[in-house]
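Beneath this line is the structure, given in structure tokens, with notes to follow.
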Amino acid sequence: MSGIREVCFDTETTGFHARGDDRITELGCIELIDMIPTGKQYHAYLNPQRDVPEKVTQITGLTTDFLKKNGQYFADVAAEFLEFVGDSKLIAHNANFDKAFINAELEKAGQPIFPNDRFIDTLQMAREKFPGSPASLDALCKRYGISLSSRDKHGAIIDSELLAEVYLQLKGGRMRNLDLENSVPETITPIAKDEVRERPSPLSSNLSTDQIKDHKHYIKSLGEKMVWNKYWR
């Protein structure tokens, strides 16, 4: 699939100290092509090799026992994680936090760390776009009318999916290249609304019946939760 590939990702951790004894407990990534989720994702529960504080369990739902039984060691999944992200840009909310933990785990696993320029921080983007306004992921979802109904606890995959929608909106949404309000040169007189005329007959489609059928099949294959289903009819 051609286009610009990026990866939205999120980590859940035992605490805030990446260079201390805190570790990642969950890692979630989703692939974007031209800022739209493709349905491809990477997810892993990780054994932090330490107890999970009760306050963290209340936020994430992840317990020490669950991660001991179901979590993998980061060193054992590092290669497949790196294969998934490839050389794509990594999008995170408060990227410095996630970058610190990912790089700490990569170091422990004997893998090269990510440079700063690999990361896109949606928190920084939001603060620049809405100075002085709340810029948490939840606040941005509410601002853009993105439903939080799928999330009762913080989870790496769910938060990555929400982040993908927020990222698209921060970049201007689906009409990001059509913002004419502030881009009309002073030498050009905008057309008044009452001068706009409807086309006498719609333009005929250049798509063949097979192309339309193949596209519908592709959209359906992405799954019911994919953002395309909100716009494709």
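The numbers here are math on the coordinates, done by the rules we state, and not lab data. Because the structure is predicted, anything quoted here is derived from the model rather than measured. Ideal geometry is used to build each Cβ from the backbone, glycine not excepted, and the neighbour counts take in all protein chains shown.
Computed from backbone phi, the HN-Hα couplings of segment 131-136 come to x, x, 9, x, 10, 5 Hz, rounded to whole numbers (Karplus: 6.51 cos²θ - 1.76 cosθ + 1.60, θ = phi - 60°; Gly and Pro given as x).
The smallest convex shape that holds all Cα atoms of segment 24-100, its convex hull, gives 119 Å³ per residue.
About its Cα centre, the dipole of segment 4-141 is roughly 140 debye, where the only charges are +1 on Lys and Arg Cβ and -1 on Asp and Glu Cβ. Checking every one of the chymotrypsin sites (Phe, Trp or Tyr not before Pro) in segment 9-43 against DSSP loop status and a limit of 13 other Cβ atoms within 10 Å picks out Phe16. Shape summary of segment 5-171, radius of gyration then Dmax from alpha carbon positions: 15.3, 44 Å.
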